[in-house]
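First comes the structure, then the notes that go with it.
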Protein chains: 2
Amino acid sequence: MNLILLFDSDFLDPEHVRLTGRRLAHVTSVHRAAVGDSLAVGVAGGRAGTGVVTSLDPLELRVTLDRDPPPPLPLTLILALPRPKVLNRVIAGATSLGVKRIHLINSWRVEKSYWKSPRLSPENLLLQSVLGLEQARDTLLPTIELHRLFRPFVESFTPSGLALVAHPPASRECPRAIDAEVTLAIGPEGGFIAQEVESLERAGFTPVSLGPRILRVETAVAALVSRLF
Amino acid sequence: MNLILLFDSDFLDPEHVRLTGRRLAHVTSVHRAAVGDSLAVGVAGGRAGTGVVTSLDPLELRVTLDRDPPPPLPLTLILALPRPKVLNRVIAGATSLGVKRIHLINSWRVEKSYWKSPRLSPENLLLQSVLGLEQARDTLLPTIELHRLFRPFVESFTPSGLALVAHPPASRECPRAIDAEVTLAIGPEGGFIAQEVESLERAGFTPVSLGPRILRVETAVAALVSRLF
């Protein structure tokens, strides 16, 4: 937790917050904060700054919000729904990289059972997003949309800017250091099937490759985002 | 498992292998292989190719090795020892990206208990490396060295090529698309302390930043590798 993310409900008045639950436990047991300590804080959707501990029980901070969060990435990320086991890491990781728009979509190689995972609850997706922001010292939550049918999603979706689909067999290399809006689609383990890639191409996506190595989705997200921006 | 990694002990003769243990279970339960199926294979430290299933019980393949593995990255990665919980992912992830030389080192912010983790056993480090190669369809195992003392390591280590240390406060941005040998050091959660960064600078390392976001080590490894190469 490199920043404590604050919500409206934490504020006692415009300059004071009281922390409870997970953040209270973290500040107490990991930061081992004492009265007078300064901690990095930020308001969800707003500015970042510093919180000075004014009381430990209850845990209260006096906050000064004097800087903007890091700039968001101009990226819309479309991900075939990952296995529940890796979903949390993927959401937190993408959020830590600055991704602000995530679509989780179905694909032939996504097992149907994945859509029943309790990890897809709004509460869990919010928690993973918060963990990503806290890691990266960011404050702006991503939007995460679920699309349980591939075809209606792709046929109705209009990509913004340069639209790319990561597809290991593609002959074109993923471009570098794009100074523009990008929409990036990443398939499931085993990749999108040929018909899905064709649907994405009809919707304006260009297949690009990251080289001969096949990466796990969480590694691929970081590698592609870092290469593109 | 996008490639089945074979070892000398698997070979019945130069063209036939028998699989046991984890790979047997995977080919049977995930690939659900039948006699006549082709699977991607590769020999540890050698070439890759195809294995045709000739028998299921015992599981035997006839292998043809007709291609080289992906080129290794010209990178030496120096990592402050990560928490045991993330060590496996970091090793498998770095290996999947093509890293062939890894040094796990001590640092002020590495908890002493991490060095006692059973995950540091040679058997586990080999398994995680194999998982990374299987993911990336590579065959060349990385070397992984452990250095339990920071200072003797840094004072005796001579970096190859461009030597960089990822340091969030650095004013210089991490360079892109380097066509040369790189040695990259990445600190623990919370970063290297100032004295450690100074020691690394004396050893020839230049501090570089990835921007205002602080990334988890597994995300940072993928982001930095992708940016550098």
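Laid out as a table, the results:
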{"item": "GNM result for chain B, Cα springs below 10 Å: residue of B:THR206, B:THR183, B:THR158 fluctuating most strongly", "result": "B:THR158"}
{"item": "Convex hull (Cα only) mean projected area of the protein assembly as shown, reported in nm² to one decimal", "result": "23.2 nm²"}
{"item": "P(r) tail fraction, the range A:1-119 - alpha-carbon pairs more than 23 Å apart, %", "result": "46 percent"}
{"item": "Two-site FRET efficiency, B:HIS147 against B:ARG172, from Cβ-Cβ distance with R₀ of 35 Å, rounded to 0.05", "result": "0.85"}
{"item": "Theoretical FRET efficiency, 1/(1+(r/R0)^6), r = Cβ-Cβ of A:PHE11 and B:PHE11, R0 56 Å, to 0.05", "result": "0.25"}
{"item": "Peptide A:204-215 - average C-beta neighbours from other chains (10 Å radius)", "result": "4"}
{"item": "Copy-to-copy label separations for B:ALA177, where each label sits 7 Å from Cα toward Cβ, in nm and ascending", "result": "0.7"}
{"item": "Taking chain A and dividing mean pair separation by its residue count, relative contact order in percent (alpha carbons under 8 Å, at least six apart)", "result": "20 percent"}
{"item": "Length-normalised contact order for the range A:13-62 - Cα pairs under 8 Å, 6+ apart - percent", "result": "40 percent"}
{"item": "Space enclosed by the convex hull of the alpha-carbon atoms of chain B, per residue, Å³", "result": "128 Å³"}
{"item": "Antiparallel bridges, percent of DSSP beta bridges restricted to chain A (to nearest 5)", "result": "40 percent"}
{"item": "Shortest-first distances to equivalent copies, position B:GLU155, nm, label 7 Å out along Cβ", "result": "7.1"}
{"item": "Burial order of peptide ranges B:44-50, A:27-33 (average beta-carbon count within 10 Å, highest first)", "result": "B:44-50, A:27-33"}
{"item": "Degrees separating the helix A:217-228 axis from the principal Cα axis of chain A, which is the longest one", "result": "90 degrees"}
{"item": "Exercise: per-residue mean of other protein chain Cβ atoms within 10 Å, B:102-114", "result": "0"}
{"item": "Gained length - A:ILE193 relative to A:ARG32, 0.36 nm times residue gap less alpha-carbon distance", "result": "52.9 nm"}
{"item": "For B:SER55, label point 7 Å along C-beta direction: distances to other copies, nm", "result": "7.7"}
{"item": "Rounded D (µm²/s) - the range B:4-67, Kirkwood Rh over Cα pairs, Stokes-Einstein at 4 °C, 1.567 mPa s", "result": "114 µm²/s"}
{"item": "Protection proxy ranking of B:218-229, B:192-203 - average other beta-carbon atoms within 10 Å, highest first", "result": "B:218-229, B:192-203"}
{"item": "Alpha-carbon centroids, the range A:51-118 and the range A:151-229: separation in whole Å", "result": "20 Å"}
{"item": "Antiparallel %, DSSP beta bridges [both residues in the protein assembly as shown], to 5", "result": "40 percent"}
{"item": "Lysine pairs in the protein assembly as shown with Cα atoms under 27 Å, if 8 or more residues apart or on separate chains", "result": "13"}
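Since every read-out is calculated from the coordinates, none of them should be taken as a lab result. Note that the coordinates shown come from a computational prediction; the quantities given were computed from them, not determined experimentally. As a convention, Cβ positions derive from the backbone with ideal geometry for all residues, glycine included, and neighbour counts pool all protein chains shown.
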